[in-house]
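Values quoted throughout were computed directly from the atomic coordinates according to the rules given, and no laboratory measurement underlies them. Just so it is clear, the structure is predicted and the values come from calculations on it, not from any experiment. Cβ sites come from the backbone with ideal geometry, for glycine too, and all protein chains shown count toward neighbours.
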Amino acid sequence: MGHGGDVVAELTTDHDEVKEYFQKLGRTTGAEERRSLADLLTIELVRHSVAEEQYLYPAVREHLEEGDLIADKEIADHGRAERLMKQLQEEDAAGTRFTSVLRELEADVLAHIHDEEQNLFPALRRACSQEVLDELGDKTRRAKKTAPTRPHPGAPSTPPANKLLAPGMGLVDRARDLLSGRGKDDRAA
């Protein structure tokens, strides 16, 4: 969940974990293991998205030319991914619809990752001091610790509302995960 380093290093490592989950899901055929891996993928994606929305995108708005336009596009990408994750949760992991939604989510997320890593992150490195990037990395790690673990497509995605509501939703999600065992399946890790 927290890897260390500045915001770009932190989020790039998250991206690598997400890609690995997609690869594992592509190799897995058992419904129970697919569900477990999809849950772990969702947990990672939701935490990552919440942290970006709380700290990365406000920094993009502040430091990059046309930052508002860029941040709005990234948040829209997150909204679509969150709706797909919610849909994936509701599908039978043995069904063809699960695979279809998973493929759509994968295509969207991998395009989003590519765009951030090729365009957004280099622009942010040019625009911000290392001190600012390090501080954003610390804030991102803290945000991921209290972030929700389940998709909430209707939740606010911009400050200040997201910073106020996310920790509470995260607490409820983590309690539900603990009670259900979601995200704890060692066979999927």
Next on the checklist: With the structure loaded, tell me whether LEU88 is under 12 Å from the mean Cα position of the chain (by Cα) and closer than 22 Å to GLY181 by Cβ or whether it fails that test.
Outcome noted: no
Checklist entry - Filtering the stretch 44-63 down to residues that are free of Cβ contacts under 8 Å to residues at least 60 places away in the same chain and over 12 Å from the mean Cα position of the chain (by Cα), which residue is surrounded by the fewest Cβ atoms within 10 Å (Cβ to Cβ)? => result GLU62
Next on the checklist: Of everything in the stretch 1-25, what is more than 15 Å from LYS144 (Cα to Cα) and either out of contact with any helix residue (DSSP H, G or I) (no Cβ under 8 Å at 6 or more places or on another chain) or among the polar types (S, T, N, Q) (or both)? Give them in sequence order.
Outcome noted: ASP16, GLU20, GLN23
Checklist outcome for this item: Considering only helices (runs of 4 or more DSSP H) wholly within the stretch 1-90, the ones with at least 1 residues that are of a type in the set (Ser, Thr, Tyr) are 7-27, 31-51, 57-63
Item to check | Cβ pairs under 6 Å, 6+ apart, first in the stretch 130-144 and within 18 Å of LEU120 (Cα to Cα), second among the small types (Gly, Ala, Ser) | outcome: LEU136/ALA59; GLY137/GLY5; THR140/ALA51
Checklist outcome for this item: By residue number, the members of the stretch 120-149 that are closer than 11 Å to VAL50 by Cβ and crowded, with 16+ Cβ neighbours inside 10 Å are THR140, ALA143, LYS144, THR146, ALA147, PRO148, THR149
Checklist entry - Taking LEU88 and the conditions (1) in contact with a Ser or Thr (Cβ under 9 Å, 6 or more places away or on another chain); (2) touching a residue at least 60 places away in the same chain (Cβ under 8 Å), which numbered condition does it fall short on, given that it satisfies the others? => result (2)
Checklist entry - Do we find that ASP92 is touching a Lys or Arg at 6+ places or on another chain (Cβ under 7 Å) and exposed (fewer than 15 other Cβ atoms within 10 Å of the Cβ) in this structure? => result no
Checklist entry - Given the conditions (1) part of a helix (DSSP H, G or I); (2) more than 11 Å from the chain's Cα centre (by Cα), and given that ALA93 satisfies all but one, which numbered condition is not satisfied? => result (1)
Checklist entry - Which numbered condition trips up GLU20, out of (1) over 12 Å from the mean Cα position of the chain (by Cα); (2) under 15 Å from LEU136 (Cβ atoms)? => result (2)
Checklist outcome for this item: If you go through SER100, SER36, the only one that is hydroxyl-bearing (Ser, Thr, Tyr), free of Cβ contacts under 8 Å to residues at least 24 places away in the same chain and out of contact with any His (no Cβ under 8 Å at 6 or more places or on another chain) is SER100
Checklist entry - Going by the structure shown, is ALA123 out of contact with any Ser or Thr (no Cβ under 9 Å at 6 or more places or on another chain) and either closer than 18 Å to PHE22 by Cβ or part of a helix (DSSP H, G or I) (or both)? => result yes
